[in-house]
1. Residue by residue through the stretch 205-216, note down the ones that are open to solvent by 50 Å² or more (accessible area, probe 1.4 Å) and either assigned to a strand (DSSP E or B) or within 13 Å of LYS177 (Cα to Cα) (or both).
2. Against the condition modelled with pLDDT under 95 and either among the β-branched types (Val, Ile, Thr) or open to solvent by less than 50 Å² (accessible area, probe 1.4 Å) (or both), how does ILE6 come out, does it pass?
3. What pairs can you find where one residue is in the stretch 257-281 and touching a residue at least 12 places away in the same chain (Cβ under 8 Å), the other is exposed (fewer than 15 other Cβ atoms within 10 Å of the Cβ) and polar (S, T, N, Q), and their Cβ atoms are less than 6 Å apart, with a gap of 6+ or different chains?
4. Contact list please: Cβ distance under 8 Å, first residue in the stretch 66-88 and without any contact (Cβ under 8 Å) to a residue 24 or more places away in the chain, second residue buried (at least 18 other Cβ atoms within 10 Å of the Cβ), pairs at least six apart or on different chains.
5. Any chance the stretch 216-233 includes a residue that's in contact (Cβ under 8 Å) with a residue 24 or more places away in the chain and within 17 Å of the chain's Cα centre (by Cα)?
6. Quick check, is THR230 at pLDDT 95 or above, hydroxyl-bearing (Ser, Thr, Tyr) and under 30 Å from LYS177 (Cβ atoms)?
7. Would you kindly identify the strands (runs of 3 or more DSSP E) lying entirely within the stretch 85-153 that contain at least 1 residues that are open to solvent by less than 50 Å² (accessible area, probe 1.4 Å), within 30 Å of LYS177 (Cβ to Cβ) and touching a strand residue (DSSP E or B) at 6+ places or on another chain (Cβ under 9 Å)?
8. Within the stretch 177-185, identify whether any single residue is within 18 Å of TRP197 (Cα to Cα), assigned to a strand (DSSP E or B) and open to solvent by 40 Å² or more (accessible area, probe 1.4 Å), and answer yes or no.
Amino acid sequence: RSWKDIEFKVTFQTEAGASGTMDPKTVNKGSKYELPTPTFKSEEGKEFAGWKVGDGTELKKAGEAIDISGDVKLTAVWKDIEYKVSFNANGGSETMKSQIVKKGKEYTLPANGFTAPEGKEFDGWMIGTEKKAANDKITINADTEVKAIWKDIEYKVSFNGNSGTGKMAEQLVKKGKEYTLPANGFTAPEGKKFDGWMIGTEKKAVGAKITVNANTEVKAIWKDIEYKVTFNGNTGTGSMTEATVKKGKEYTLPANGFTAPEGKKFDGWMVGTEKKAVGAKITVNSDTEVKAVW
């Protein structure tokens, strides 16, 4: 009499969505069987998750051994291929949680959650060599690093003519940097001249440096153009106090305050080549000398 080993059959099937076949295997009773890597073709975006043994629910990995005590039906189970989207602060601080995304799916880039480096602000995301904005969509087909891009914070320094005419180009200055106030480029209002710059409530001169930490308006300050009216005794003695007169304004010639030369008496004022009497009005458009006539 001869004996033969009791043999059982191991058969293979796959969940819906995959395709192909695997030939059954014959295994001796009481032996262990090492689970193979499936040769079924998975559906797009899926990968092998494990074998379901018979009607069990626990999944077994390829390479894992099972005991054979009867015919065994193995079912290949599949799962979504998933990739990690991770975030690189690139010099910023704090963290952003990685996200898991199915292969081939679109992912919407989030708003920045990092704290920017000093003097910088968020300027978008870099994926590989391509710059993207928050809310842009990317397709995920591999583990993906999303790197924050930073740019210098810049503020505008703008100029207000404050009733002067013309324009001065605004300037961009990096946050925290010094800016040197320029010469005036506006045309002054009639009868005025430039007297400096006003930043907030502080008056500054041309060439002064300011530290820029916000959008900054630089306002022109104007003052009246004033001329001196001086008095010449023309051999008379004594003195008369000079007057200060706004450009274009009238000035009333005063009484004589000089002491006349010996044997003379006051006969009026000479302004340029024109003789004027006390009380006459002159229009002042430059420094003016008033000379006593005897």
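1. Within the stretch 205-216, LYS209, THR211, ASN213, ASN215 qualify.
2. Yes.
3. From the stretch 257-281, the pairs are THR259/THR237; PRO261/THR235; LYS281/THR252.
4. Taking only residues 6 or more apart or on different chains, the pairs are GLU82/VAL101.
5. yes
6. It is false that THR230 is at pLDDT 95 or above, hydroxyl-bearing (Ser, Thr, Tyr) and under 30 Å from LYS177 (Cβ atoms).
7. Result: 120-127, 130-132, 144-152.
8. Scanning the stretch 177-185, I find at least one residue that is within 18 Å of TRP197 (Cα to Cα), assigned to a strand (DSSP E or B) and open to solvent by 40 Å² or more (accessible area, probe 1.4 Å), so the answer is yes.
The values are calculated or read from the model by the stated rules, or taken from the named source; none is laboratory data. On a predicted model such as this, the values are computed, not experimentally measured, just so you know. Cβ sites come from the backbone with ideal geometry, for glycine too, and all protein chains shown count toward neighbours. Note: areas computed on protein heavy atoms with side chains; ligands, DNA, RNA excluded. Shrake-Rupley method; radii C 1.70, N 1.55, O 1.52, S 1.80 Å.
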